[in-house]
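Only one structure is covered here, and it is reproduced in the block below.
Each reported figure results from applying straightforward, stated rules to the coordinates on display, with no laboratory input. Computed from a predicted model, the values in this text were never measured in an experiment. Cβ placement follows ideal geometry from the backbone for every residue including glycine, while neighbour counts extend to all protein chains displayed.
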Amino acid sequence: MQPRTLQIGPLTSRFNQRMAGEHGAVALWQQDDAVRFLEAHGADFDILVTSARFGCTRAQLDLLPNLRAICSFGVGYDAIAVDEARRRGIQVSYTPDVLNDCVADLAMGLVIDCARRISAADRFVRAGLWPAGNYPLARKVSGKRLGIVGLGRIGKDVARRAGGFDMQVRYHNRRPDAAIPDGFEPDLLALARWADFLVLSCPGGAATHHLISAPVLDALGPEGILINVARGSVVDEEALVAALLEGRLGGAGLDVFEAEPRVPEALFALDNVVLAPHIGSGTEETRLQMEELVFANLRAFLDKGEVLTPVV
């Protein structure tokens, strides 16, 4: 029998139509009651298609007893019950590498925007305030100190871009990278104290939950700027809001949030904060590459029984 495919949540219209047309994927989000649907039909599905946003919980896996593969759109997999999938022998794929450039580009864009206050200056002009006086001075980027938390694929691309701005770069990892031994800082607090900008590009999940706590934010200090293109869960958001409101942190550029798409309203009025709606990979070129990799993983599993880019 032809393997049956279930798609948990919607992506682009092109992706959804292609998934239904090429693989006959059933759209779970279109069912009146998703849980009751899985209780009645979950055993029919061999393959699950999801994304970093929608994931796949342990409870959902329990209702998919014959599942053999999960193909996810995105680089994050903390929303997928990967450990349970491995225990059951379910292969899990994701879409690494193809989004590195765009996420690193956005990280540097947020660094520049936060330092030079580009978004805030734009609001200043649009509000008609320029005739009353010049915009306040901002901060320089070139030659400053950039700390990176998580020197994986994206972190390395951020470091390369920082080199173009003559920035000093240090990084914090679970262990030093043998290819880049210089600049390793095992103490996160020490890195935060040293850095002018602290860029987060580490994975989400239990191991990094609230890694950026109040003490780290205080170490970064009233002139430091936090940039998060990782996962919202990496930052203690309550502590971040307090540090910004109390002037204990200089600013922040945030593409991800703990309960997105909900964003703390206290941040809306702060001109030293740049807010983006999780657009790290949000370009036409990159999203198409991600889409193609999902379909390549599907084809590889159907043809050879193994996905191309497994979560390891």
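Given Cβ point charges of +1 (Lys, Arg) and -1 (Asp, Glu) and nothing else, what value in debye, to the nearest 20, does the dipole of region 100-275 about its Cα centre take? Don't skip to the end; give the middle numbers.
Values: 19 positive and 22 negative charges, 92 e Å.
The dipole of region 100-275 has a size of about 440 debye.
Quick one: net charge around Gln168, please, counting Lys, Arg +1 and Asp, Glu -1 for every other residue with C-beta under 10 Å from its C-beta.
Working: positive: Lys144, Arg145, Arg170; negative: Asp166, Asp196.
Neighbourhood net charge equals +1.
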Pairwise centroid distance, computed over Cα atoms, of region 165-193 with region 214-247, Å: 19 Å
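So what's region 100-275 giving for Rg/Rh, alpha carbon basis, Kirkwood Rh from the mean inverse pair distance? Write out the running numbers ahead of the final one.
Details: Rg = 15.7 Å, Rh = 16.3 Å.
On the Cα set of region 100-275, Rg over Rh gives 0.97.
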Can you give the charge dipole size of the chain about its Cα centre, rounded to the nearest 20 debye, using +1 on the beta carbon of Lys and Arg and -1 on the beta carbon of Asp and Glu? 460 debye
Mind computing the radius of gyration and Dmax over the alpha-carbon atoms of region 14-143? Å is fine for both. 22.7, 68
Project the alpha carbons of region 259-303 onto their principal axes and report the range along each, largest first, in whole Å. 53, 22, 10
Amide H partners (placed H, <5 Å) of Val274, local residues excluded: Ala252, Gly253, Leu254
Per residue of region 215-225, in order, report the coupling 6.51 cos²θ - 1.76 cosθ + 1.60 (Karplus, θ = phi - 60°) as ³J(HN,Hα) in whole Hz, putting x for Gly and Pro. x, 5, 5, 5, 5, 5, x, x, 10, x, 10
Gain in span if fully extended, Ala132 to Arg86, counting 0.36 nm per residue against the direct Cα distance: 10.3 nm
What distance in nm separates the simple spin-label points at Arg139 and Val125, each placed 7 Å from Cα in the Cβ direction? 2.3 nm
Using the scaling law 2.2 N^0.38 Å as the reference, what is the normalised Cα Rg of region 128-176? 1.69
Would you mind computing, in nm to one decimal, how far apart the modelled labels at His210 and Ala242 are, each placed 7 Å from Cα along Cα→Cβ? 1.0 nm
Can you compute the modelled spin-label distance between Asp166 and Ala178, with each label point 7 Å from Cα toward Cβ, in nm? 3.5 nm
From the C-alpha gyration tensor of region 64-119, square roots of 5λ in Å: 36, 11, 7
From the backbone phi of region 161-175, what are the Karplus-calculated ³J(HN,Hα) couplings (6.51 cos²θ - 1.76 cosθ + 1.60, θ = phi - 60°) in whole Hz, Gly and Pro given as x? 5, 4, x, x, 9, 6, 8, 7, 10, 10, 9, 10, 9, 5, 8
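Length gain on complete extension for the stretch Val263 to Ala43, per 0.36 nm per residue less the alpha carbon to alpha carbon distance? Please report the intermediate quantities before stating the final value.
Working: separation 220, 0.36 × 220 = 79.20 nm, distance 3.72 nm.
Result for the pair: 75.5 nm of gain on full extension.
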Of Val229, Gly150, Ile118, whose Cα points farthest to the positive end of the dipole of region 100-275 (charges on the beta-carbon: +1 Lys, Arg; -1 Asp, Glu; origin at the Cα centre)? Ile118
Whole-number D in µm² s⁻¹ for region 104-187, Kirkwood Cα-pair radius fed into Stokes-Einstein, 20 °C, 1.002 mPa s: 148 µm²/s
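Before rounding to the nearest 500, sum -39500 (n - 2.57) across all DSSP H runs of length at least 4 in the chain and divide by the residue total; then give [θ] at 222 nm in deg cm²/dmol.
Details: 11 runs with 111 residues, N = 312.
For the chain, the value works out to -10500 deg cm²/dmol.
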Quick one: what do you get for region 208-257 if you divide its Cα Rg by 2.2 N^0.38 Å? 0.98
Just the C-alpha atoms of region 204-301: what Rg/Rh do they give, with Rh taken as the Kirkwood radius? 1.10
What list of ³J(HN,Hα) couplings, whole Hz, do you get for region 50-56 from phi and the Karplus terms 6.51, -1.76, 1.60, once you set θ to phi - 60° and write x for glycine and proline? 9, 8, 4, 6, 7, x, 6
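Do any GluC sites (Glu not before Pro) in region 142-246 lie in a DSSP loop with no more than 15 other beta carbon atoms within 10 Å, and if so, which? Could the numbers behind the result be given before it?
Values: sites: Glu223, Glu237, Glu238, Glu246; in loops: Glu223, Glu246.
Answer by residue number: Glu223, Glu246.
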